[in-house]
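Step one of this worksheet: look at the structure below.
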Ligand code: 1GP
């Protein structure tokens, strides 16, 4: 449980999310070079819709260029590769689609059995963010309304009580606006496990606010896809 233990111990951690579907494998060396010189603590790999084997090829390539832990953040069972270090075993607890609560997990078992992947059970909570996101579309679930704070808090706590090791508050990739600081702080107050926050974070100010409100680990993807210059602002000193 090395990856999980480090997330537990860590402070102001940052995961760069690479979606294999939107990323050119040929760009890996140059992109990962920037990641290595940044404050990033993790590389997450995953997406809502990814061609078979693309994740496997990409993870193998990333591994050649970095020692930063690679964590799978899979949209589907087909994205499981034993070449990564860990996997977020996601349960979409904001939704009521049994496939994403237990169905895909059962399907995943045979792949996980043949791997050394560290499996990290994660309660995944989709929160409305201004537009219909890919997660909503693919999983056919509704995001939780952002003013339904008590329900969001209770959902996160229920995840913890079910034994999940992380809670991930998700606005969705490319969201118009990130999860509000109010929601982050309310959820954080109730939890005894690390809190991940992602979706729609595009500026240093938003990143800072997420940390200040209680995010232990922030996930950013689209900001780097849109403009790699964003790495300049998160350079390691
Ligand atoms: C998406 O939370 C992640 O699942 C990251 O979102 O791409 O908007 O940074 P962005």
Just give me the residues in the range 209-237 being modelled with pLDDT of 95 or more and exposed (fewer than 13 other Cβ atoms within 10 Å of the Cβ), in sequence order.
-> 212
From the list 104, 82, which one is in a loop (DSSP other than H, G, I, E, B) and over 14 Å from the mean Cα position of the chain (by Cα)?
-> 82
Looking at (1) within 18 Å of residue 166 (Cα to Cα); (2) away from the ligand (no atom under 15 Å from the Cβ), can you tell me which one residue 15 breaks?
-> (2)
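Determine whether the range 72-81 contains at least one residue that is within 23 Å of residue 201 (Cα to Cα) and either touching a helix residue (DSSP H, G or I) at 6+ places or on another chain (Cβ under 7 Å) or more than 16 Å from the ligand (Cβ to nearest atom) (or both).
yes
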Considering the range 128-138 alone, what residues qualify as being on the phi < 0 side of the Ramachandran plot, surrounded by fewer than 17 Cβ atoms within 10 Å (Cβ to Cβ) and not in a helix (DSSP H, G or I)?
-> 131, 132
Can you give me the ranges of the helices (runs of 4 or more DSSP H) entirely in the range 139-237 with at least 1 residues that are over 18 Å from residue 16 (Cβ atoms) and within 16 Å of the ligand (Cβ to nearest atom)?
-> 149-161, 181-190, 204-213
Which residue, of 125, 120, 87, is part of a strand (DSSP E or B), crowded, with 16+ Cβ neighbours inside 10 Å and without any contact (Cβ under 8 Å) to a residue 40 or more places away in the chain?
-> 87
How do the pairs read when you match residues in the range 15-38 that are in contact (Cβ under 8 Å) with a residue 24 or more places away in the chain and over 19 Å from residue 174 (Cβ atoms) with residues anywhere that are assigned to a strand (DSSP E or B) and within 16 Å of the ligand (Cβ to nearest atom), using Cβ under 7 Å and keeping only pairs 6 or more apart or on different chains?
-> 35/16; 35/43
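In the range 90-101, how many residues are in a helix (DSSP H, G or I) and either under 18 Å from residue 170 (Cβ atoms) or in contact (Cβ under 8 Å) with a residue 12 or more places away in the chain (or both)?
Result for the range 90-101: 3.
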Can you find a residue in the range 69-89 that is farther than 21 Å from residue 170 by Cβ, touching a strand residue (DSSP E or B) at 6+ places or on another chain (Cβ under 6 Å) and at pLDDT 95 or above?
-> yes
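The values are calculated or read from the model by the stated rules, or taken from the named source; none is laboratory data. These numbers were taken from a predicted model, which means no experiment stands behind them. Don't worry about glycine lacking a Cβ; one is built from the backbone with ideal geometry, like all the others, and counts go over all protein chains shown.
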